[in-house]
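Below is one structure, written out as structure tokens; comments come after it.
Derivation of every value follows stated rules applied to the coordinates shown; laboratory data play no part. Because the structure is a prediction, the values reported are computed rather than measured. Cβ sites come from the backbone with ideal geometry, for glycine too, and all protein chains shown count toward neighbours.
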């Protein structure tokens, strides 16, 4: 068995690594002979484990790692020692395993960008490009600090979107549960009551009684069907064709098109600003910025801009032919090119459209929430009326 460990020597220096032993007790015995204190000892995370599903690495984890590493490198701590030290304070077990692998790669002579590149699911091409640019320029701590600032703003924007969507999702989930409960538990009781009274059921009531009876009699099958539906959705979300259709839909729906164009313009501008100011060539920076926008259709549309740049056109000229990049942002990019301050103008574009995204998000939420409450109220009201129609008929006869 392989175990991940963290330990301290007599001088208080921190170490981390992987040890192979027959049992945890045997591993602990070996480590206590080498080090004064063993601070952590756990089974090495397997490639396929429940931890990867229940406790995945989040953007916040990468942000904290970047901030801490930048601060330690600025303080003069050697790179490998900094990685080993960060390992002690990381809570996510999956990330700890990745840090051990990075530390091992650094120990064999790999650069930081090469070590991070072994884990593309955590450190994307944008992150690797910034780290490589920092290595080449000798300004790795400063570059990591810029990446951390970028990730912080990105996480703030994600949190705003999540918080705006959480309330509608919770309300819809509760409404669905309420309707299912009424149909599964209330309908069988009413079915027996109506049968005992010999009442003739309207078509709408018969449909609801049928649905409720099915939910009540085949609840296990319904639950399995629900789980199967969740699995199908998760599978579809890994399908590139389906994801591209979703991305195209985001950019074509009347109410959401403007919001998503603003969002992707802000992301593109902020990423391009960071890459360009960090010394990444403009062609590579534009391609990476398109990929980092979070929409495949938007990223593909940047290919034409890249071809234009190769032929000698300016960035603003190439972006004018893009159907998804906002016109006002193109004007600001053009002004930045003319003044020789493209990176500063891109930063202003990103800040302006980040604020606009927040405003549009609040407006969308204010529109969706009352409409959603009205629809839910109408659905529940219709169910109650349909189930109560036989009683109304009986009352009118009496």
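For the chain, the longest principal axis of the C-alpha atoms and the axis of helix 24-34 are separated by about 20°.
At 0.36 nm per residue, minus the direct Cα-Cα distance, what do residue 258 and residue 170 gain on full extension? Give it in nm, one decimal, please. Write down the numbers at each step before the final one.
On the way: separation 88, 0.36 × 88 = 31.68 nm, distance 2.53 nm.
Gain on extension, residue 258 to residue 170, equals 29.1 nm.
You can think of it this way: the chain between residue 348 and residue 110 has 82.0 nm of extra reach, that is 0.36 nm per residue less the Cα-Cα gap.
Highest first, please rank the peptides 156-162, 294-300 by the mean number of other Cβ atoms sitting within 10 Å of their residues. Let's see the in-between values first.
Working: 156-162: 13.4, 294-300: 19.6.
Those peptides, ordered most packed to least, come out 294-300, 156-162.
Can you give me the convex hull volume of the Cα atoms of the range 254-398, divided per residue and expressed in Å³?
Values: hull volume 17.7 nm³, N = 145.
About 122 Å³ per residue, rounded to a whole number.
Working from label points 7 Å from Cα in the Cα-to-Cβ sense, the residue 161 to residue 32 distance is 5.1 nm.
Average 1/r across all pairs of distinct alpha carbons in the range 241-297, invert it, and you get the Kirkwood radius: 11.9 Å.
Simple spin-label estimate for residue 21 and residue 385 gives 7.2 nm between the two label positions (7 Å along the Cα-to-Cβ direction from each Cα). Between residue 365 and residue 9, the FRET efficiency estimated from the beta carbon spacing at R0 = 56 angstrom works out to 0.55.
From the C-alpha gyration tensor of the range 1-44, pull out the three semi-axes of the equivalent ellipsoid (sqrt of 5λ each), sorted largest to smallest, in whole Å.
Values: eigenvalues 62, 21, 9 Å².
So the equivalent ellipsoid measures 18, 10, 7 Å along its semi-axes.
Rounded to the nearest 10 degrees, the inclination of helix 125-137 to the longest alpha-carbon principal axis of the chain is 20 degrees.
Rounded to the nearest 10 degrees, the inclination of helix 254-277 to the longest alpha-carbon principal axis of the chain is 10 degrees. The slack in the chain from residue 221 to residue 242, taken as 0.36 nm per residue of separation less the alpha-carbon distance, amounts to 4.8 nm. Which of the following values of Rg and Dmax of the Cα atoms in Å was calculated from the structure shown: (1) 28.7, 93; (2) 21.1, 62; (3) 24.9, 102? Answer label, from the structure shown: (1).
Using the beta-carbon distance between residue 89 and residue 203 and R0 = 56 Å, what value does 1/(1 + (r/R0)^6) give for FRET efficiency, to the nearest 0.05? Once the sixth-power term is evaluated, E becomes 0.30. Among 224-231, 279-286, 370-377, 65-72, sorting by the average number of other beta carbon atoms lying within 10 angstrom of each residue, highest first, gives 65-72, 279-286, 370-377, 224-231.
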